[in-house]
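Engineer: Provided herewith is a single structure, encoded as structure tokens, for subsequent inquiry.
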Amino acid sequence: MTYKEFIRRRQALLSYMMPASVSLFFAAPTVIRSHTSIYPYRQNSDFWYFTGFNEPEAALLLIKTSNNYNYSVLFNRRCNAQTTLWYGNCMGQKDAIKKLSVDHSLPWDTIENEIYRFLKNITIIYHAKNQYTFADKMVIKIINEIQYRILKNSTFSITLMDWRPWVHELRLIKSQEEQAALREAGRISALAHKRIIKKLHPNMYEYQLEGEIQCEFSYHGARFPAYNTIIGSGENTCILHYTDNNQKMKSGQLVLIDAGCEFKGYAGDVTRTVPINGKFNAAQREIYNIVLNAINLGLKLYKPGSTIFTVTQAVIRMMTEQLVQLNIMSGNLDTLISQNAIRSFFMHKLSHWIGLDVHDVGSYGKNYNRILKPGMALTIEPGLYIIANKNVPKKYHGIGIRIEDSIIITSDGNENLTTIISKDADEIESLMIQKQNI
């Protein structure tokens, strides 16, 4: 992202704010993994959205004065020889002003005293409560100090409001730079799935596939997954968020791989389900083709003016009808749909927003009826999970299949970000046979 992108975003939020107000954003704290070991640092997505700054112990103030003058202040860590020796280069105050295009930058360890310089005559504080305990405590202290120490008037009222409704609406429509990052996240994620096709064979462990995926991510500059990788084989394909990834994969089983990388903060999200020995059996292929038909229908229907709800209803009707044909479900089609009977086999949503978070922010509207517009990014991920059930033919028991792509709504339809990895059953088998013959 260029500095102009972050300036544009800050200006967009400031345009919503009332005069004599400030929006406060806090960097994510470091998270302890065990004793003295910490997890790799990942910035708070909202803070990153306005700064592109990836250090902890930081706060951003976006200020609109009573006469509508706008400016920004960043509190961030000091840089000195000791911190550089242990942790490498940090940005410091001078570089923050230069590289992040903020108007002022002060050391983080001065925030409790220096912040009041910028809050004179402020009557509204925009803050996301319950995000971080330390931030909530600081904001309460700020309000008390403004009222008692600066204004010396205990009857003066500071209004506390939440910036999330505005910010999350801004994040919902992706800019061209964001779309480019999502496109690359999708490409790298798809390459990792292609790598699996080349490496997969019976008697591997699920975690070995996970390692291959991470290798491909890292090779292309995406150091971290966007979420915990799911490698579920056999009956584990029916566990929606299975992440143990510790079972041996057997010939004749399927393996469901749900894996996406994070690139420049933006998430990829892709799922494929493939036969471990390179060949779908008849029952697996029947279920697979229902899910394949469902995602192809959804990809055709997603466009400006459509909604997640209407596309979901069309997909559910198709899958229900085809499950009835296989005697997995029985009854009148319209009755089954009105009763949401497919819920026993398809128990999650068809789509979710994707962006800086894999399940990104932004309102879906009542009953997922929000009208889709160009620039919105979302997944499409139909699935069928057939847990052992006396009412279902035994040959289908333990088959779990999900196919997922990530898309961006365009002016005339959608752009599929993950097309380079095949979904067609015949093509998957052909690729796996080619691999075996190498």
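Engineer: Averaging over all projection directions, find the projected area of the Cα convex hull of segment 3-170 and quote it in nm² with one decimal place.
Structural biologist: Taking a quarter of the hull surface, the average projection is 10.4 nm².
Engineer: Show me the ranking of peptides 416-422, 365-371, 270-276, 127-133 by mean Cβ neighbours inside 10 Å, starting with the highest.
Structural biologist: 270-276, 416-422, 127-133, 365-371
Engineer: Cα-Cα pairs above 15 Å in segment 222-282: how many percent?
Structural biologist: 52
Engineer: Next question, about the same structure. Give me the one-decimal nm value for the distance between modelled label points at Thr110 and Arg78, 7 Å along each residue's Cα-to-Cβ direction.
Structural biologist: Once both label points are built, they end up 1.0 nm from each other.
Engineer: Now a separate question. Using 0.36 nm per residue, how much length does the chain from Thr410 to Tyr132 gain when fully extended, once their Cα-Cα distance is taken away?
Structural biologist: 96.5 nm
Engineer: Can you figure out the FRET efficiency of Gln339 with Thr310, using R₀ = 30 Å and their beta-carbon distance, to the nearest 0.05?
Structural biologist: The computed FRET efficiency comes out at 0.95.
Engineer: Taking 7 Å along the Cα-to-C-beta vector as the label spot, tell me the His220-Ile124 distance in nanometres, rounded to one decimal.
Structural biologist: 4.3
Engineer: Turning to a different aspect of this structure: Given a cut-off of under 8 Å on Cα pairs at least six residues apart, what relative contact order in percent is computed for segment 287-438?
Structural biologist: RCO, segment 287-438: 28 percent.
Engineer: How much net charge surrounds Thr335 when only the other residues with a Cβ under 13 Å from the Cβ of Thr335 are counted, with Lys and Arg +1 and Asp and Glu -1?
Structural biologist: Result for the local shell: -1.
Engineer: In which sequence would Ile401, Ile433, Ile387 go, from the one with the fewest C-beta neighbours within 10 Å to the one with the most?
Structural biologist: Ile433, Ile387, Ile401
Engineer: While we're looking at this one, here's another question. Cα convex hull of segment 293-438: mean projected area in nm², to one decimal?
Structural biologist: Computing the convex hull of the Cα atoms and averaging its projections yields 10.7 nm².
Engineer: Something else now. To the nearest Å, what is the center-to-center distance of segment 387-419 and segment 44-120, using C-alpha atoms only?
Structural biologist: Measuring centre to centre over Cα atoms gives 44 Å.
Engineer: If the chain between Ile32 and Asn54 were fully stretched, how many nm would it gain, using 0.36 nm times the residue separation less the Cα-Cα distance?
Structural biologist: This chain segment gains 6.2 nm when fully extended.
Engineer: Ranked highest first by the average count of other Cβ atoms within 10 Å around their residues, in what order do 29-42, 165-178 fall?
Structural biologist: Averaged packing, sorted descending, gives the order 165-178, 29-42.
Engineer: With +1 on each Lys and Arg Cβ and -1 on each Asp and Glu Cβ, how big is the dipole of segment 45-97 about its Cα centre, in debye rounded to the nearest 20?
Structural biologist: Dipole size: approximately 160 debye.
Engineer: So what is the 222 nm mean residue ellipticity for the chain from helices alone, if each DSSP H run of at least 4 adds -39500 (n - 2.57) and you divide by all residues, rounding to the nearest 500 deg cm²/dmol?
Structural biologist: Mean residue ellipticity, 222 nm, calculated: -11000 deg cm²/dmol.
Engineer: Over 26 Å between Cα atoms: which of Lys199/Lys279; Lys198/Lys390; Lys199/Lys248; Lys250/Lys423 fall into that group?
Structural biologist: Checking Cα-Cα distances, Lys198/Lys390 exceed 26 Å.
Engineer: Also, I was wondering about something else. Fewest Cβ neighbours within 10 Å first, please rank Thr229, Thr237, Thr159 accordingly.
Structural biologist: Fewest to most other Cβ atoms nearby, the residues stand as Thr159, Thr229, Thr237.
Engineer: What nm value, rounded to one decimal, do you get for the distance between Thr65 and Lys303 when each label is placed 7 Å out toward the C-beta?
Structural biologist: 5.1
Engineer: Which percent, to the nearest 5, of DSSP beta bridges fully inside segment 3-170 are antiparallel?
Structural biologist: Of all bridge pairs located within segment 3-170, approximately 60 percent are antiparallel.
Engineer: For segment 241-246, what does the Karplus curve 6.51 cos²θ - 1.76 cosθ + 1.60, with θ = phi - 60°, yield as ³J(HN,Hα) per residue in whole Hz, taken in order and with x for Gly and Pro?
Structural biologist: After applying 6.51 cos²θ - 1.76 cosθ + 1.60, I find 10, 6, 10, 5, 6, 10 Hz.
Engineer: While we're on this one: Counting C-alpha atoms alone, how compact is the chain: give Rg to one decimal and Dmax as a whole number, in angstrom.
Structural biologist: 25.2, 82
Engineer: Sticking with this structure for a sec: For a quick check: with amide H placed at 1.01 Å from N, whose amide H comes under 5 Å from Lys174's, ignoring anything fewer than 5 positions away on the same chain?
Structural biologist: Residues meeting the criterion, in which the H sits 1.01 Å from N, are Met376, Ala377.
Engineer: Also, quick follow-up: Return a whole-number percent for the relative contact order of the chain, with Cα pairs under 8 Å and 6 or more residues apart as the contact set.
Structural biologist: It comes to 13 percent, rounded to a whole number.
Engineer: Divide, for segment 108-208, the radius of gyration over alpha carbons by 2.2 N^0.38 Å, where N is the residue count.
Structural biologist: 1.89
Engineer: Further, regarding this structure: Answer rounded, prolate or oblate for segment 64-124, using the Cα gyration tensor with square roots of eigenvalues a ≥ b ≥ c: rounded when a/c is under 1.5, else prolate when a/b is larger than b/c, else oblate.
Structural biologist: Cα axes put segment 64-124 in the oblate bin.
Engineer: How high is the FRET efficiency from Asp103 to Leu240, r the C-beta distance, R0 51 Å, rounded to 0.05?
Structural biologist: 0.65
Engineer: Also: Working out 0.36 nm times the residue gap between Val324 and Ser363, then minus their Cα-Cα distance, what length gain in nm do you get to one decimal?
Structural biologist: Here the segment from Val324 to Ser363 would lengthen by 10.6 nm.
Readers should treat all values here as calculations from the given coordinates under stated rules, not as data from a laboratory. Not measured: the values here are computed from a predicted model. Don't worry about glycine lacking a Cβ; one is built from the backbone with ideal geometry, like all the others, and counts go over all protein chains shown.
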